[in-house]
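Participant: The structure follows.
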Amino acid sequence: MSESVSPPPPPARSRLGLSRLFLSRSGRHRDVQDNGFRAGILGAGDGLITNVSLVLGMAGATTNASAVRAAGVAGLLAGAFSMAAGELVSVRAHDELVRHEIDVERAELSDDPVGEQRELADMYRARGVPAADADTVARILMANPDTALEAHAQLELGVDPKQTGTPRQAAVASFLSFSVGAILPLVPWFFMRGTAALLASVIIGALAAVTLGAAIGAFSGQSLWRTAGRMLLAAAVAASVTYGVGRLLGVGAS
């Protein structure tokens with residue numbers, strides 16, 4: 001009688017794949033930590049809402065187009081420089097903090113590699129990786145100092161040591177985008193005055209708010225209608241309040 005032959009065992013899952021699962025980046029994902037994009041979006045939105053509110057507030061208070069233009073230009077310059085300076089300081093401070101923490105982590109890896117390997121394995125186990133696999137992944141990653149530092153920085157600090165901040169890029173993007181957003185509702189006041197300029201500012205501001213909101217939705221994968229409507233509502237509320245205050249305190253637009 002022939003002996004039965006048992007089927008070969010299924011191939012073992014590569015344990016190294018677990019490290020790729022946690023540490024690799026997919027090319028399909030966007031860089032959500034891009035300071036330039038973040039500063040640009042925030043700057044354009046702030047510039048638009050700030051100056052459409054300022055322009056309409058001044059228009060509600062006076063019929064003098066020169067006064068509205070002066071206030072709008074002053075608001076544009078003050079806001080753009082303020083946003084740029086704020087981004088430069090905040091991004092640089094954050095970058096220095098991240099670099100310091102990475103240096104601390106690098107020193108810990110050098111002083112106590114066994115303890116750091118155990119800590120790395122514990123972090124993987126906390127994320128649901130089986131104990132044996134977590135130990136294996138931690139041992140493989142700790143074999144390379146750069147890879148070990150990257151793994152600890154991502155899991156402990158939530159940062160990538162290869163991606164540091166770009167303060168100047170964020171500052172320039174913020175300055176330019178704020179200026180673009182702020183100039184749009186001001187443009188009509190260089191060519192028109194009174195009610196015509198007021199209505200043109202409202203229309204341009206509304207269109208710009210919808211466009212910016214839709215762009216945010218397209219980038220973030222959210223509903224274009226929802227993000228556009230959210231931006232339009234924010235601009236409408238701010239502009240309505242400032243226009244109402246201008247009407248109460250000033251002469252009013254003709």
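Participant: Based on what the data block shows, is Gly57 surrounded by 19 or more Cβ atoms within 10 Å (Cβ to Cβ) and either on the phi > 0 side of the Ramachandran plot or modelled with pLDDT of 85 or more (or both)?
Facilitator: On the way: surrounded by 19 or more Cβ atoms within 10 Å (Cβ to Cβ): yes; either on the phi > 0 side of the Ramachandran plot or modelled with pLDDT of 85 or more (or both): yes.
Here the answer is yes, as Gly57 does meet what is asked.
Participant: For the range 73-95, indicate whether the set of residues that are at pLDDT below 90, loosely packed, with under 15 Cβ neighbours inside 10 Å, over 30 Å from Tyr243 (Cα atoms) and not hydrophobic (A, V, I, L, M, F, W, C) is non-empty.
Facilitator: no
Participant: So, in the range 169-222, exactly how many residues are outside any helix (DSSP H, G or I) and surrounded by 16 or more Cβ atoms within 10 Å (Cβ to Cβ)?
Facilitator: So the first thing to find is which residues in the range 169-222 are outside any helix (DSSP H, G or I), and the list is 191-193, 221-222.
Then drop every residue that is not surrounded by 16 or more Cβ atoms within 10 Å (Cβ to Cβ), which leaves 193.
Qualifying residue count for the region: 1.
Participant: Determine whether the range 142-150 contains at least one residue that is within 24 Å of Pro167 (Cα to Cα) and either in contact (Cβ under 8 Å) with a residue 12 or more places away in the chain or not in a loop (DSSP other than H, G, I, E, B) (or both).
Facilitator: Kept after step one, since they are within 24 Å of Pro167 (Cα to Cα), are these residues of the range 142-150: 149-150.
Then keep just the ones that are either in contact (Cβ under 8 Å) with a residue 12 or more places away in the chain or not in a loop (DSSP other than H, G, I, E, B) (or both); that gives 149-150.
Taking every residue of the range 142-150 in turn, at least one turns out to be within 24 Å of Pro167 (Cα to Cα) and either in contact (Cβ under 8 Å) with a residue 12 or more places away in the chain or not in a loop (DSSP other than H, G, I, E, B) (or both).
Participant: Oh, and also: Among the numbered criteria (1) over 30 Å from Ala238 (Cβ atoms); (2) under 31 Å from the mean Cα position of the chain (by Cα); (3) assigned to a helix (DSSP H, G or I), which one does Val55 miss?
Facilitator: Failing condition for Val55: (1).
Participant: Next question. In this structure, is Gly47 under 17 Å from Ser174 (Cα atoms) and of a type in the set (Gly, Ala, Ser)? Can you show your working first?
Facilitator: On the way: under 17 Å from Ser174 (Cα atoms): yes; of a type in the set (Gly, Ala, Ser): yes.
Criteria met by Gly47.
Participant: Give the residue that is nearest to Ala93 (Cα to Cα), with candidates limited to residues of the range 134-168 that are small (Gly, Ala, Ser) and surrounded by fewer than 17 Cβ atoms within 10 Å (Cβ to Cβ).
Facilitator: Gly158
The values are calculated or read from the model by the stated rules, or taken from the named source; none is laboratory data. Just so you know, these numbers come straight off a predicted model, no measurement behind them. All Cβ positions, even for glycine, are placed from backbone atoms using ideal geometry, and neighbour counts span all protein chains on display.
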